[in-house]
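One structure is given here, and the rest of the page talks about it.
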Amino acid sequence: MPPVVLAIDQGTTSSRAVVYDPTTFAPLGVAQQEIEQHYPRDGWVEHEPEDIWYSVARTCREALAAAGRAPKDVAAVGITNQRETVVVWDRTTGRPVHRAIVWQDRRTTDFCRARAADGPWLTAKTGLVLDPYFSGTKLRWLLEQQPNLRAAAERGELAAGTIDTFLMWRLTGNHVTDATNASRTLLFDIHRMAWDDELLTYFGVPRALLPTVKPSAGDFGVTKGLDFLPDGVPVRGVAGDQQAALFGQACFGPGEAKCTYGTGAFLLLHTGDTPVASRHRLLTTAAASTDGKPKYALEGAVFVAGAAVQWLRDGLHLFRTAAESEALAEKSNPAEPVLFVPGLVGLGAPHWVPEARGVMFGLTRATTAADLARAALEGVAFQVADLIDAADHDLGAAGAAPLKVDGGMARNDRFLRTQADFLGRPVVRAAEAESTALGAAMLAAVGAGLTDEAALRARSAAGTRFDPTLPAGERAARRAAWQKAVRAVVSFYA
Ligand code: G3P
């Protein structure tokens, strides 16, 4: 049988495995498993690392079976993952010492608030802002809470990492990560592409805890001692999920942008070899590199996107499946302009208010479930439009290219028409819905020498285009009303 590439996509709500043909990048088999979310306190979000590992092993097995391929057919593995989530484990037993602290977790809000004055130098080095979102504050919390862990970490008995690193340890026995994941920790100097002693001291993280950092396409080691893959299968591509989606959308160079609507919505704009410092509180982050040279992107993160639809479904029981949200929103009365600022876990870029929570404006006795569904979809689209404006201002020019989109909410045509309307620019839905897993597979194929960026660009298929239809005056009025609502939320909580 011809060789295949296996992509592991470990996300916030589920793990997926996808088997690809490395010449056409057609998906041959897919498997998915949800993982349990733990909310031990208000604002805390945790995952059980063993659940993650179990779901990854199981979905790899199932995806290969669905593709009708044997484990020995796998020529290379690619990994992509929810970013910023941290795990600490014992180097001898491989057992985690604590549940994974998830990127959405806000437990370090007080620390970040108290140290706000350090924001500028931290941003200059890391490209990030001092926010509970990033791994360094979470690692610091863990070592502060449990002094025995700090002592063990200093003795070199523990290993830490983002989810890619934990999976790689289990797959290969190596303690490695890639630059895109490292660039989300607040411990990594994005200009030197290296862990930074000043940052490690600041967050109280012993260097002995941290993995070796490699470019996204390369040699991460080979599988060893697994029951679902033979020994010796190389892991050749690793990237955080948003950088993988950027690569999967064939955004390889300056000016190319994508937005992925998953649990959150993440806009990434490739800036080539240049780390552009944002004046509008966007992040500067590492993009996947296939030539070993540093690559960068500007990023805007909206923490709640699909999670808002999930809340309407599971919290308010407004509909049974996420797909029904589109039909429900269609029934909304245009004369009932409800505004929903979906800051359910705080506000990300460009506001960065971790204490913020969701707020609705404009409720009347005539407001219906349909109006709330529409307001939730519009709340996400407004935020992404704000991020694009911020990126345009940072680059000093309004980008004209259509915005490439993917992820769960991008299946919703109504939502994409709204997004195009609020942007005043076309959006194009990727032909292949799974840009994240596809990106990991493409990186692994490049890393294994099976293809290159030029060949990948040539095969990238055109997607479905949604053009804006809202008159410019109406767009401006609607966006102004939204911005007034966000300002009110920010000043209430900040
Ligand atoms: O930064 C968090 C991001 O990587 C999570 O992505 O797709 O799991 O919501 P997702």
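The values are calculated or read from the model by the stated rules, or taken from the named source; none is laboratory data. Predicted model, so just to flag it, every value in this text is computed and none were measured. Because the Cβ atoms are built from the backbone with ideal geometry, glycine has one as well, and the counts that use them run over all protein chains shown. Note: accessible area is taken over every heavy atom of the protein model, side chains too, but ligands, DNA and RNA are not part of it. Shrake-Rupley method; radii C 1.70, N 1.55, O 1.52, S 1.80 Å.
How large is the dipole of segment 197-246 about the Cα centre if only Lys and Arg carry +1 and Asp and Glu carry -1, each at its Cβ, rounded to the nearest 20 debye?
80
Placing +1 on the Cβ of each Lys and Arg and -1 on the Cβ of each Asp and Glu in the chain, which of ILE35, ALA376, ALA433 has its Cα farthest towards the positive end of the resulting dipole?
So the residue we want is ALA376.
If I model a spin label as a point 7 Å beyond the Cα along the Cα-Cβ vector, how far apart are those points for THR469 and PHE492 in nm?
Label-label distance for THR469 and PHE492, simple model: 3.3 nm.
Could you give the semi-axes, largest first, of the ellipsoid that matches segment 238-298, computed as the square roots of 5 times the alpha carbon gyration tensor eigenvalues and rounded to whole Å?
Listed largest to smallest, the semi-axes of segment 238-298 are 16, 15, 10 Å.
5 Å is the cut-off here: which amide hydrogens, built 1.01 Å from N in the peptide plane, fall below it relative to LEU229, excluding neighbours closer than 5 in sequence?
Sorted by chain and number, the residues that satisfy this come to none at all.
Using the Cα atoms as the points, what is the convex hull volume per residue of segment 63-140 in Å³?
About 166 Å³ per residue, rounded to a whole number.
Counting alpha carbon pairs within less than 8 Å and at least 6 residues apart, what relative contact order, in whole percent, applies to the chain?
Here the relative contact order equals 14 percent.
Taking the Cα centre of the chain as the origin, how large is its charge dipole in debye, to the nearest 20, when only Lys and Arg (+1) and Asp and Glu (-1) carry charge on their Cβ atoms?
The calculation lands at about 420 debye.
Could you give the nm distance between label points at ALA194 and LEU363, where each point is 7 Å from its Cα heading toward the beta carbon?
5.5
Say R0 is 30 Å: what FRET efficiency, to the nearest 0.05, do ALA114 and GLU324 get from their beta-carbon distance?
In this case the efficiency is close to 0.10.
Sort out for me the Cα centre separation of segment 107-131 from segment 238-295, rounded to whole Å.
When both Cα centres are located, 21 Å separates them.
How high is the relative contact order of segment 413-494? Use alpha-carbon pairs under 8 Å, at least six apart in sequence, and give a whole percent.
Value for segment 413-494: 46 percent.
How much length is gained if the chain between GLN37 and LYS72 is pulled fully straight, taking 0.36 nm per residue apart and subtracting their Cα-Cα distance, in nm to one decimal?
In short, 9.3 nm is gained.
What's the carbon and sulfur percent of segment 263-341's accessible surface, probe 1.4 angstrom, rounded to a whole number?
Reported share for carbon and sulfur atoms: 54 percent.
So, in nm, how far is label ALA431 from label ALA461 when the simple model puts each one 7 Å beyond its Cα toward the Cβ?
My value for the distance between the label points is 0.5 nm.
Considering lysine pairs in the chain that are 8 or more places apart or on different chains, how many have Cα atoms under 16 Å apart?
6
When the accessible area of segment 348-449 is computed with all protein chains present and a 1.4 Å probe, what percentage of it is carbon and sulfur?
So the carbon and sulfur contribution to the accessible surface is 54 percent.
State the three equivalent ellipsoid semi-axes of segment 121-214, derived from the C-alpha gyration tensor as the square roots of 5 times its eigenvalues, in descending order and whole Å.
Output for segment 121-214: semi-axes of 19, 17, 11 Å.
Give, in whole angstrom and from largest to smallest, the semi-axes √(5λ) of the equivalent ellipsoid of the chain, with λ running over the eigenvalues of the Cα gyration tensor.
34, 27, 22
What fraction of the DSSP beta bridges in segment 286-438 is antiparallel, stated in percent and rounded to the nearest 5?
Percentage antiparallel, nearest 5: 60.
With the convex hull built on the Cα atoms of segment 382-494, state its orientation-averaged projected area in nm².
Its average projected convex-hull area is 9.5 nm².
Among GLY204, LEU443, THR469, which residue has its Cα furthest toward the positive end of the charge dipole of the chain, with +1 on Lys/Arg Cβ and -1 on Asp/Glu Cβ?
THR469
Hey, got the dipole for segment 337-494? About the Cα centre, +1 on K and R Cβ, -1 on D and E Cβ, debye to the nearest 20?
Roughly 480 debye for segment 337-494.
Looking at segment 273-358, which trypsin sites (Lys or Arg not before Pro) are in a loop (DSSP not H, G, I, E or B) and have at most 14 other Cβ atoms within 10 Å?
When the trypsin sites (Lys or Arg not before Pro) of segment 273-358 are filtered for loop state and at most 14 Cβ neighbours within 10 Å, ARG279, ARG320, LYS331 remain.
Which value in Å is the Kirkwood Rh of segment 1-109 over different Cα pairs?
Answer for segment 1-109: a Kirkwood hydrodynamic radius of 15.0 Å.
What does DSSP give for the chain in terms of the percent of beta bridges that are antiparallel, rounded to the nearest 5?
70
Mind jotting down the distance between the C-alpha centroids of segment 1-51 and segment 183-199, whole Å?
First find each Cα centre; the distance between them is then 27 Å.
At 1.4 Å probe size, with every protein chain present, just tell me what the per residue accessible area of the chain comes to in Å².
So the chain comes to 37 Å² accessible per residue, rounded to a whole number.
Any idea which of VAL353, GLY396, ALA366 is furthest toward the positive side of the dipole for segment 348-426, if Lys and Arg beta-carbons carry +1 and Asp and Glu beta-carbons -1?
Most positive-ward Cα: ALA366.
What is the percent carbon and sulfur in the accessible area of segment 1-127, measuring with a 1.4 Å probe over the protein chains and ignoring ligands?
Roughly 52 percent, rounded to a whole number.
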